[in-house]
Amino acid sequence: MTTINKDPETIRARNRKTLGAIKTEDLEVIFPSNGLDVMALKKTDLTISSGEFVCILGPSGCGKSTLLNVIAGFVDATSGSAFLDGNKIESPGSERSMVFQQHSLLPWKTVRENIALGPELIKDNEATKTTDHFLDMVGLKKFEHHYPEQLSGGMQQRVGIARAMATYPKVLLMDEPFGALDYQTRLVMQEHLLQLWAEFNSTVLFVTHDTDEAIFLSDRILVMSASPGRVVLDIENPLPRPRTQLIFTDPAFIELKRRCMEIIIKESMQLR
Ligand code: ADP
Ligand code: MG
């Protein structure tokens, strides 16, 4: 994969307009389920700054995906609200893009056509150029006419990320995007995501089960409680950027990991 060098002025001009601050106030989501209501999120108050890279950890079923889905506008709050740059989120919008754990590419479209869905969605009048740019950025130019099933898992996720970023979103919502990848591929994808983020400055909310991944990527880590989910640890990541995988041996890394894991273990035990 190559870093982005095409049209840096265009990208910077778009980014200058980019904001992407998120706020939730007393956010609660209750799902009716066979007569038994499931409270997926409880009284969640969050403030995420524009351009911040926030990772979310927490036991399975604690409401991480629900939180992302509310911010994406896919799921309605039962009470409380979520805001993007001060505007209440009530529906999906192209300024918020989601990347899922399993790729959500259209199998009958090629790599190029899948990525082009992004610029077409925002009626980008330079859709072809933008698509070329993002194909190049994720290193898939040679595979532009391949179909998703002809790609490896890592390549499929790269297409998903390219498509999500090709709308120049203010907010990138990533729900365990590398969870299905092997360890080596995951490390490579993490590095590339940081390069993209450095270039684009989108706000990123990244859900993961992997504490190392959360620390490697984030400015800040949120740990959520067992269901019903609420934020029980909100901690700044002190590790300087740029980072390499060598941070895994840094004492500050170990200390941060210990603090996160203490809470995760405690919360996971409550599921038993
Ligand atoms: P996580 O992503 O942390 O694993 P989710 O946000 O997917 O958790 O789910 C939180 C809780 O809400 C779980 O108990 C889950 O079963 C429930 N839930 C999620 N989506 C729905 C839905 N559409 N209908 C009913 N229950 C749901
Ligand atoms: Mg989930």
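The values are calculated or read from the model by the stated rules, or taken from the named source; none is laboratory data. This one's a predicted model, so the numbers in the text were calculated from it and none came from an experiment. Counting neighbours? That spans all protein chains shown, and the Cβs are built from the backbone with ideal geometry, glycine included. Only protein heavy atoms, including side chains, enter the accessible area calculation; ligands, DNA and RNA are left aside. Shrake-Rupley method; radii C 1.70, N 1.55, O 1.52, S 1.80 Å.
Here are the numbers for this structure:
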read-out: Packing-based ranking, highest mean first, of 184-191, 64-71 given that Cβ atoms within 10 Å are counted; value: 64-71, 184-191
read-out: Phi to ³J(HN,Hα) by Karplus 6.51 cos²θ - 1.76 cosθ + 1.60 over the stretch 169-176, Hz, x for Gly, Pro; value: x, 6, 10, 10, 9, 10, 9, 6
read-out: Carbon and sulfur %, accessible surface of the stretch 89-241 computed with the full protein complex present, 1.4 Å; value: 50 percent
read-out: Distance in nm between pseudo-label sites at residue 128 and residue 90 (7 Å out along the Cβ direction from Cα); value: 3.9 nm
read-out: Label-to-label distance, nm, for residues given as residue 37 and residue 78 (7 Å Cα→Cβ offset); value: 0.5 nm
read-out: Accessible area of the stretch 10-140 divided out per residue, in Å², using a probe of 1.4 angstrom; value: 47 Å²
read-out: Test item: Cα-centred dipole of the stretch 176-223, Lys/Arg +1 and Asp/Glu -1 on Cβ, debye; value: 100 debye
read-out: Whole-number accessible area per residue in Å² for the stretch 161-272, which is evaluated in the context of all protein chains at 1.4 Å; value: 43 Å²
read-out: Proximal aspartates and glutamates to residue 88, defined as alpha-carbon separation beneath 19 angstrom and excluding residues fewer than eight positions away on the same chain; value: 25, 26, 28, 45, 76
read-out: Calculated FRET value between residue 141 and residue 108, using beta carbons and R₀ = 25 Å, to 0.05; value: 0.75
read-out: Rg/Rg_ref, the chain, where Rg_ref = 2.2 N^0.38 Å and atoms are Cα; value: 0.99
read-out: Distance in nm between pseudo-label sites at residue 255 and residue 180 (7 Å out along the Cβ direction from Cα); value: 3.9 nm
read-out: For the chain, built as a Gaussian network whose Cα springs stay under 10 Å, the top-fluctuating residue of 216, 143, 206; value: 143
read-out: Dipole axis of the stretch 55-190 (+1 Lys, Arg; -1 Asp, Glu on Cβ), positive-most option in 87, 171, 148; value: 148
